[in-house]
Structure formats: C-alpha cells, structure tokens
Amino acid sequence: MPEIKRGKLTVVAGPTAVGKGTVIAHILENHPEIHLSVSATTRSPRPGEIDGVNYFFLSHEQFDDLIARGEMLEYAVVHGQNKYGTPKQPVIEALERGELVLLEIDIQGARQVKKAMPEANLVFIAPPSWDELVRRLTTRGTEDEVEQARRLETAREELASQSEFDHVVINEKVADCAAQVLDLMQN
C-alpha cells in the first residue's frame, strides 16, 4: 500500500502591524494551492473584511461553545479584549489531503499549536526596527490612539518571545519576507 503524504503546518506570528497579513497575501497571490486557515474572532469586522474569508466573526457565546466542544486547535484573548482562535477540523482535513497549511495567529496561539502539534513549523515575523513597527501601526489608520498604545504594549512582550520560534524572518520588504516564509514552508 502506498504511503499517504501528510501536509505540513506552518504557523506565522509576530507583533501587531508587522505586516503578517500583507506577507501572507503575497504568498497566496503567487501560490493559491496553499491552504490558509481562517481564524475565528469575537472582534468586529474591519472595513472590507468578509465573514468566512478574512475571519469567522462570532459572538463571545458562539466562540465559547466551540471551545467547550473541543473544536478549537488554539485560542486566546488578544489585546485584553477579543478572542481569536483556529477551528481544528479544517486544518486537520487539509493536512490529511497533503496540503501546505498556513496559520496566521498570535504568540499565545502559536505556543498552543506547538504543544498540540509539535511537528508544526513556527515562523516569527519581526519588524526591521521598533520605530518602523510604530510607524506602520500609526499610519495604517485602523485603531485609535488608545488601541494603538495597547497594541504597542503587547508588541513589546511579543517581540521578547521570538526565541521560542523555529525561525525569525524580518519583514523589511514584503516580497523578500514572503519568499523566505515560502521557502521555510516547503522545506
């Protein structure tokens, strides 16, 4: 009987505004065969975000129900207010089909995935500098000043955790960062 080829799980994490979403969008644009896991969240959609595409936007009660039924691969409260998590079944099914699976999650979630699936490849996306991270966050215009301050406080803690990851890739130029992440996914 031929051996069934199992896919590979890569987890991408990093601080707020480092450009994780932009890097992943670049990878998917050039490699649509890669399975991007859609996370669930209790936060409200940002302009242009689509339920089931960018995130599954859930109420706190719906999210808690998934946790209670053991249907989350990982989950966490991020920035002290909203829950984010990865529904387990779509990831397992994609891996069983032999696909490359990509998760974009926070640091807490990456730790949980590594514990649940030690074979997962953890990639930390880092900014070229702290000042550049602050510039990216303040110029994107999606958070008010209070939220920016909260996210920068969290970012300091997240940057301190990069040694827990299998790889660190600096996002200076999106195309270069995406190429490095793709190489790590395929090898």
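The values are calculated or read from the model by the stated rules, or taken from the named source; none is laboratory data. Predicted model only: the values in this text are computed from it and were never measured. Don't worry about glycine lacking a Cβ; one is built from the backbone with ideal geometry, like all the others, and counts go over all protein chains shown. For the accessible areas, the whole protein counts, side chains as well, though only heavy atoms, and no ligand, DNA or RNA atoms are used. Shrake-Rupley method; radii C 1.70, N 1.55, O 1.52, S 1.80 Å.
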In the set Glu132, Glu147, Glu157, Glu172, the lone residue that is charged (D, E, K, R), part of a helix (DSSP H, G or I) and open to solvent by 70 Å² or more (accessible area, probe 1.4 Å) is Glu157
Name the residues in region 7-23 that are aliphatic (A, V, I, L, M) and either in a loop (DSSP other than H, G, I, E, B) or over 20 Å from Val78 (Cα atoms) (or both), would you? Leu9, Ala17, Val18, Val23
In region 41-50, is there at least one residue being assigned to a strand (DSSP E or B) and closer than 26 Å to Glu157 by Cβ? yes
Out of region 160-169, which residues are assigned to a loop (DSSP other than H, G, I, E, B) and open to solvent by 50 Å² or more (accessible area, probe 1.4 Å)? Ala160, Asp166
Could we say that Glu158 is among the charged types (D, E, K, R), more than 12 Å from Leu9 (Cα to Cα) and in contact (Cβ under 8 Å) with a residue 60 or more places away in the chain here? yes
Per the filter on region 92-140, residues of a type in the set (Asp, Glu) and within 23 Å of His26 (Cα to Cα) are Glu99, Glu104, Asp106, Glu132
Of the residues in region 92-115 that are of a type in the set (D, E, K, R) and without any contact (Cβ under 8 Å) to a residue 12 or more places away in the chain, the one that is surrounded by the fewest Cβ atoms within 10 Å (Cβ to Cβ) is Lys115
Being open to solvent by 40 Å² or more (accessible area, probe 1.4 Å), farther than 23 Å from Gln148 by Cα and not in a loop (DSSP other than H, G, I, E, B) narrows Glu29, Glu33 down to just Glu29
Residues in region 60-76 that are within 17 Å of the chain's Cα centre (by Cα) and open to solvent by less than 70 Å² (accessible area, probe 1.4 Å): how many? 4
Output the qualifying pairs, or none if there are none: Cβ atoms under 7 angstrom, residues six or more apart or on different chains, first residue in region 80-91 and exposed (fewer than 14 other Cβ atoms within 10 Å of the Cβ), second residue at pLDDT 90 or above. Gln89/Glu71
Condition met for Ala120 (over 16 Å from Lys20 (Cα atoms), in contact with a Ser or Thr (Cβ under 9 Å, 6 or more places away or on another chain), surrounded by 13 or more Cβ atoms within 10 Å (Cβ to Cβ) and at pLDDT 95 or above): yes
